[in-house]
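Visitor: This is the structure I have questions about; it appears just below.
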Amino acid sequence: MQKLWRFLWSEKGRELIRYGVIGVATTAVSFGTLWLFVNAARLDANLSNVLSIVCAVLFAYAANKLFVFRSHCGTRAALVREAVSFFAARGVAMLVEAGGFSLLYELCRVPYMVSKLVISVVVLVLNYVLSKLVVFRKKA
């Protein structure tokens, strides 16, 4: 138990906690916008899912940059590189999410919110790995 407390109070532990909090907020943006697009705007569930992913990715970039990885870019070119790599990584994750959602919802007939929840867990892990190792990695 003491090792767990030490880890949670370490910089890596605090970063993981921040990622979890921002992940919950990003998921809320994604689920909330999905619900709005399906129920308020009466859009197709697959289109609504893609639009909800776009909203969540825009939120996630700012939140991860500022609060999770605390990334600071010294130049405009560095900021552009960081943003492009983030959106490219999230593009890969979006393909996984859209494909997984469609597979569960259309082929397996899983309700759309359950489909979203299941695939969101997979995408959460994928996004952390890509963000940590590719986008916001510490420069040596």
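Visitor: Among (1) 14.9, 44; (2) 14.9, 42; (3) 16.4, 51, only one was calculated for this model; which label is it, if the read-out is Rg and Dmax of the Cα atoms in Å?
Guide: Of the labelled values, this structure produces (3).
Visitor: Quick one: angle between helix 11-35 and the longest Cα principal axis of the chain, in degrees between 0 and 90, rounded to 10, please.
Guide: 20
Visitor: Once both axes come from the Cα atoms, what is the angle between helix 112-130 and the longest principal axis of the chain, in degrees from 0 to 90, rounded to 10?
Guide: Result, in degrees: 20.
Visitor: Hey, what number do you get for the chain at 222 nm if only DSSP H runs of n ≥ 4 count, each worth -39500 (n - 2.57), divided across all residues, to the nearest 500?
Guide: -24000 deg cm²/dmol
Visitor: Tilt of helix 45-63 relative to the longest C-alpha principal axis of the chain, in degrees (0 to 90, nearest 10)?
Guide: Taking Cα atoms only, the helix is inclined about 10 degrees.
Visitor: Right, here's the next one. In the full protein assembly as shown, how much of L79 is accessible to a 1.4 Å probe, in Å² to the nearest 10?
Guide: The accessible area comes out at roughly 70 Å².
Visitor: Now for a different question. Could you sort the peptides 11-21, 110-120 by per-residue average Cβ neighbour count (10 Å cutoff), highest mean leading?
Guide: Those peptides, ordered most packed to least, come out 110-120, 11-21.
Visitor: Using a basic spin-label model with each label point 7 Å from the Cα along Cα→Cβ, how many nm lie between L107 and R76?
Guide: 4.6
Visitor: Sort the following peptides by mean Cβ neighbour count (other Cβ atoms within 10 Å, averaged over residues), highest first: 62-74, 85-97.
Guide: 85-97, 62-74
Visitor: Oh, and also: Full extension from F67 to L4: what is 0.36 nm times the residue separation minus their Cα-Cα distance, to one decimal in nm?
Guide: 20.4 nm
The values are calculated or read from the model by the stated rules, or taken from the named source; none is laboratory data. Quick caveat, the model's predicted, so the values are computed rather than measured. Backbone-built Cβ (ideal geometry, glycine too); neighbour counts: all protein chains shown. Remember, those area values only see protein heavy atoms, side chains included, never the ligands or the DNA or RNA. Shrake-Rupley method; radii C 1.70, N 1.55, O 1.52, S 1.80 Å.
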